[in-house]
1. When the residues of the range 168-179 are filtered to those that are touching a residue at least 12 places away in the same chain (Cβ under 8 Å) and either touching a helix residue (DSSP H, G or I) at 6+ places or on another chain (Cβ under 6 Å) or among the charged types (D, E, K, R) (or both), which remaining residue is most open to solvent (accessible area, probe 1.4 Å)?
2. Among A149, A250, which is the only one that is surrounded by fewer than 24 Cβ atoms within 10 Å (Cβ to Cβ), within 18 Å of V127 (Cα to Cα) and small (G, A, S)?
3. For the range 12-89, which strands (runs of 3 or more DSSP E) that fit wholly inside it have 1 or more residues that are within 15 Å of L190 (Cβ to Cβ)?
4. Quick check on my filter: what residues within the range 181-199 are surrounded by 15 or more Cβ atoms within 10 Å (Cβ to Cβ) and in contact with a Lys or Arg (Cβ under 9 Å, 6 or more places away or on another chain)?
5. Under the condition of being within 13 Å of V137 (Cα to Cα) and among the β-branched types (V, I, T), which residue from the range 227-245 is most open to solvent (accessible area, probe 1.4 Å)?
6. Those residues that are surrounded by fewer than 22 Cβ atoms within 10 Å (Cβ to Cβ) and either within 14 Å of V243 (Cα to Cα) or among the β-branched types (V, I, T) (or both), I need them from the range 91-138; list them, please.
7. Could you check the range 202-286 for strands (runs of 3 or more DSSP E) lying wholly inside it with 1 or more residues that are touching a residue at least 12 places away in the same chain (Cβ under 8 Å) and of a type in the set (S, T, Y)?
8. Can you find, within the range 253-286, the residue that is least open to solvent (accessible area, probe 1.4 Å) among those that are among the charged types (D, E, K, R) and closer than 14 Å to L212 by Cα?
Amino acid sequence: MKLLSLLRNGQAAIGALADAETVVDLSVAAPDLPRGMCRFLAVGEQALEAARRAVDSGAGRVALAEQTLLAPVPRPRKFFAIGLNYADHAAETGQQLPEFPTVFNKQVTCVNRPGGDIHIPRASSAVDYEGEFAFVVGRRCRGVAAADAGSVIAGYTIVNDVSVRDWQRRSPTMILGKGWDTHGPMGPYLVTADEVRDPDSLAIRTWVNGELRQDSNTRELVFDCPKLVETISTMCTLEPGDVVSTGTPAGVGLGYRPPKFLVPGDVVRIEIDGLGALENPVVAEP
């Protein structure tokens, strides 16, 4: 299934895509299910089966084009991202490939919806895009071996790991450059794991104003999703709805000479095979 978070009567609700033009509002078709994505995922397979039955019932159908989409997980408890996880991106930034995953946090207040404005803050003119493949945790877990990681991944989505490069360089860690408000666009869907046959072979592309900037494949990841689950769950408890964005390939604005940073009026579009397209306009910070 392709699950969405919708804005319905001022509150978040969960939808399931019925076809390219229609979404099932589960708050109508399956009103006993939780309305928030984290709580929905915590119910597990029972919630997914109920959602599938709701889609088959024909109830609660609304036009997708008329809906306001939120990020699939509008407020995850934790939002991790991975640095230098494509060899070509490490090369373009002049850094050595890590021997162990480089994990950092994006603040959950940075989460942005599909179509939501990316702000160029007054404090910087070095804002960059990073098209990324992300996975979402489906159940509470700790100490998960890579071989068992599939049992805790609920599904996959697209993330734009927007980065404020000058602030990123001001600290030994990357956190200061990675968690600004609006700088975590996510979506449009959470595609359940059963629909993604091979997460290790998905084309990923990023355009800015129609210019192809990034063109790669998840097979180029240095550390794949199971390894990241193993690494992070060794350190902390993962919970339903936690997001892990797996890193970006070459072609970021910083890699060009001169750099091609984002400016107001730009539009960033990221596509990943089977996961749809995430598109966001860029504006000056209000």
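The values are calculated or read from the model by the stated rules, or taken from the named source; none is laboratory data. All figures in this text were calculated on a predicted structure; none of them were measured in a lab. When we count neighbours, we look across all protein chains shown, and the Cβ atoms used for this are built from the backbone with ideal geometry, even at glycine. Heads up: the accessible areas ignore ligands, DNA and RNA and are worked out on the full protein's heavy atoms, side chains in. Shrake-Rupley method; radii C 1.70, N 1.55, O 1.52, S 1.80 Å.
1. Selected residue: L176.
2. On the way: A149 fails: within 18 Å of V127 (Cα to Cα).
Exactly one residue qualifies, and that residue is A250.
3. Working: elements: 22-25, 61-63, 79-83.
Correct list: 22-25, 79-83.
4. First, pick out the residues of the range 181-199 that are surrounded by 15 or more Cβ atoms within 10 Å (Cβ to Cβ): 182-193, 196, 199.
H183, G184, P185, M186, G187, P188, Y189, L190, V191, T192 - these are the residues of the range 181-199 that are surrounded by 15 or more Cβ atoms within 10 Å (Cβ to Cβ) and in contact with a Lys or Arg (Cβ under 9 Å, 6 or more places away or on another chain).
5. So the residue we want is T237.
6. Once the filter is applied, which keeps residues that are surrounded by fewer than 22 Cβ atoms within 10 Å (Cβ to Cβ) and either within 14 Å of V243 (Cα to Cα) or among the β-branched types (V, I, T) (or both), the range 91-138 yields T93, T102, V103, F104, N105, Q107, V108, T109, C110.
7. Details: elements: 203-208, 211-217, 243-245, 267-272, 276-284.
Qualifying strands (runs of 3 or more DSSP E): 203-208, 211-217, 243-245.
8. At the first step, the residues of the range 253-286 found to be among the charged types (D, E, K, R) are 257, 260, 266, 269, 271, 273, 279, 285.
Narrowing further to those that are closer than 14 Å to L212 by Cα: 260, 266, 269, 271, 279.
Numbers: K260: 68, D266: 17, R269: 83, E271: 60, E279: 81 Å².
Result: D266.
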